[in-house]
1. Amide H neighbours of residue 125 under 5 Å, at least 5 residues apart or on other chains, H built in the peptide plane: list them.
2. Pop out the ³J(HN,Hα) list for segment 287-299 in order, Karplus 6.51 cos²θ - 1.76 cosθ + 1.60 with θ = phi - 60°, rounded to Hz; leave Gly and Pro as x.
3. For residue 147, list long-range residues whose amide hydrogen, built 1.01 Å from N in the peptide plane, is under 5 Å from its own amide hydrogen.
4. Between residue 357 and residue 163, what FRET efficiency follows from the Cβ-Cβ distance if R0 is 56 Å, with the result rounded to 0.05?
5. Over segment 158-241, what is the mean sequence separation of C-alpha contacts under 8 Å (at least six apart), divided by residue count, expressed as relative contact order in percent?
6. How much length is gained if the chain between residue 284 and residue 313 is pulled fully straight, taking 0.36 nm per residue apart and subtracting their Cα-Cα distance, in nm to one decimal?
7. When the Kirkwood radius is taken over all Cα pairs of segment 283-385, what Stokes-Einstein diffusion coefficient follows at 10 °C and 1.306 mPa s, in µm²/s?
8. Taking loop as defined by DSSP and a crowding limit of 16 other beta carbons within 10 Å, which trypsin sites (Lys or Arg not before Pro) in segment 183-260 fit?
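Here, each number is a calculation from the coordinates, and none is a lab measurement. Owing to the predicted nature of the structure, the values given are computational and were not obtained by experimental measurement. A quick note on method: Cβ atoms are made from the backbone with ideal geometry, for glycine too, and the neighbour counts reach across all protein chains shown.
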Amino acid sequence: MTASSSLFSCSMHMEVLTPKISKWPKNFVSCHSKISYVETNYLKSTCYPISRFFCINNLKKTRQRDGIHCFSEGQKFQLDDVVEAQQFDRDILNAIFEVARDMEKIERNSPESQILKGYLMATLFYEPSTRTRLSFESAMRRLGGEVLTTENAREFSSAAKGETLEDTIRTVEGYSDLIVLRHFESGAARRAATIAGIPIVNAGDGPGQHPSQALLDVYTIEREIGKLDGIKVGLVGDLANGRTVRSLTYLLAKYKDVKIYFVSPEVVKMKDDIKDYLTSKGVDWEESSDLVEVASECDVVYQTRIQKERFGERLDLYEKARGKFIVNQNILNAMQRHAVIMHPLPRLDEITVDVDADPRAAYFRQAKYGLYIRMALLKLLLVGC
């Protein structure tokens, strides 16, 4: 089968899009939801209904190149955009985590890595960030790349003059090879990815999603607990506005025999779309108002901040929600010895400071794992593996 016939077959079902990265090899072609790898007189293709990534054959590690785990010839793997958690399946997650483990070794042993030398990343943040922005910038620099950054694009970019997101993306892509975008509107990253000719990474879009956080969360669970199948996870706090818990739930649904507990004040309960999604995937979930009981059952207690900025003028609802579920020594006493406490940070008072000394407090280790995941994502987005 020729490349043109493959594209014709794909275009019968969807619009054919131009490949996003000019640095991709010429023997790659991309459609909106179908990714094809073309060799001379040979074509292999895999169709995924939502994802936009390169994935050739099964993602099975068969060799190493330059100390980095890669896949055998004919098994090129490269990400396109990182927009939402649903775009990943278990094979892709395993591949990303494999590269992240290599990134741990590079961070420790190869501080002068030049894997991304010559590449430039733009961080375009319309909302405040510490960990996400700095970890992406650190990841890029640790791999030899360069960074353009704007810390408060909502106030100090042309957005303050009324420029649309689409116009900003079209402009910034002319200066960079990849854009990491945080925006205050749900769906902003998807809008950006639709019009951008370079990779877009969703670093949080309002109350929508935060896929790189979900990836580092799942990676943290695997590294701390040692497994992902058969675990019990308690999601606590602001579940209505928390983009981290939404994205994490989508990824946890990929694993077998997982049970998820939702513990939150009534005004910020998990939305029905997530609960309906879990039900459709056969994932066991339960709502509870007893954090002690849930903590005693879970492998992971994932605490989140009640997000004052999402309440607008309804500060009465914020005051009603805050301080209701606190992780403290009483919760630690109820938890199993192997279990861990996670938090996407920043925290306010929802985890007491004395918890930090307990080895089950994994949230600062979690932030460090985020560096490795983002190093892996940048490598896979820009040069593949």
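1. Close amide H contacts, sequence-distant or interchain: 150, 153, 182.
2. Karplus-based 3J(HN,Hα) across segment 287-299 equals 9, 8, 10, 10, 5, 4, 5, 5, 4, 5, 8, 8, 7 Hz.
3. 121
4. Numbers: r = 48 Å, r/R0 = 0.85.
With a Förster radius of 56 Å, E is 0.75.
5. Reported relative contact order: 21 percent.
6. Working: separation 29, 0.36 × 29 = 10.44 nm, distance 3.56 nm.
Full extension from residue 284 to residue 313 adds 6.9 nm.
7. 101
8. Working: sites: 190, 191, 223, 227, 232, 243, 246, 254, 256, 259; in loops: 227, 254, 256.
Passing sites in segment 183-260 are 227, 256.
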